[in-house]
Amino acid sequence: MGPGHRGDARGHAELPLIADSDFNVAKLYGMLPAATSGDPKERTPADNQTVRNVFVIGPDKKIKLILVYPMTTGRNFDELLRVIDSLQLTARHRVATPVNWKPGENVIIAGSVPNNEARQIFGTWNEPKPYIRIVPQPG
């Protein structure tokens, strides 16, 4: 495996990309049958279609997200970066990101945070429903 790295102008950390030339990772995560072998350069796009999975693996070595793209659909790197931003934010702060959230927008205080503790951490919030406590994105 040969790691490559990518960063972007928005200041995201380098994201490792794995070149799985011996198919070990693809087989380990069930993306290709165990019997898969040969030179990856000789495989056709149809042979490789099941490898179009995106895994986001956290520092704790646990899978945080799996996206499976068909051959006919391009991957959305803006969405991948959005998800990584959300995962990093929610790991650092006791919040959740709502549907279609983008970095810098309001977030929801995690349901596991009692109101008295939430007041100490976040101050006040907008509460359209008792279980939805909206605050500006922390940090």
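The values are calculated or read from the model by the stated rules, or taken from the named source; none is laboratory data. From a predicted model like this one, the values you see are computed outputs, not experimental measurements. Cβ: placed from backbone, ideal geometry, glycine included. Neighbour counts: every protein chain shown. Just the protein is used for accessible areas: all its heavy atoms, side chains included, with ligands, DNA and RNA removed. Shrake-Rupley method; radii C 1.70, N 1.55, O 1.52, S 1.80 Å.
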Put Glu42, Glu105 in order of accessible area, largest first, probe 1.4 Å, and you get Glu42, Glu105
Residue separation between Asn53 and Asp22 times 0.36 nm, minus their alpha-carbon distance, gives in nm 9.5 nm
Under a 1.4 Å probe, counting only protein heavy atoms, Lys62 has an accessible area in Å², nearest 10, of 130 Å²
Note, Glu117: beta-carbon cut-off 14 Å, +1 each Lys/Arg, -1 each Asp/Glu, net +3
Rounded to the nearest 10 Å², the accessible area of Asp22 using a 1.4 Å probe with every protein chain kept is 70 Å²
Relative contact order in percent for the chain (Cα pairs under 8 Å, 6+ apart) equals 11 percent
The aspartates and glutamates whose Cα lies under 12 Å from the Cα of Lys102, excluding any fewer than 8 residues away in the same chain, are Asp78, Glu79, Asp85
Treating only Lys and Arg (+1) and Asp and Glu (-1) as charged, each at its beta carbon, one finds that the chain has a dipole about its Cα centre, in Debye to the nearest 20, of 400 debye
One finds, for Asn100 and Asp60 with R0 = 35 angstrom and r their Cβ-Cβ distance, a FRET efficiency to the nearest 0.05 of 0.85
Computed over the chain: longest principal axis from alpha-carbon atoms vs helix 77-92 long axis, angle to nearest 10 degrees, is 50 degrees
Taking R0 as 41 Å and r as the Cβ-Cβ distance between Arg75 and Ala35, the FRET efficiency 1/(1 + (r/R0)^6), rounded to the nearest 0.05, comes to 0.95
With every protein chain in place, the accessible area of Val83 for a 1.4 Å probe, in Å² rounded to the nearest 10, comes to 20 Å²
Cα-Cα pairs in the stretch 11-134 separated by more than 19 Å, as a whole percent of all pairs, come to 61 percent
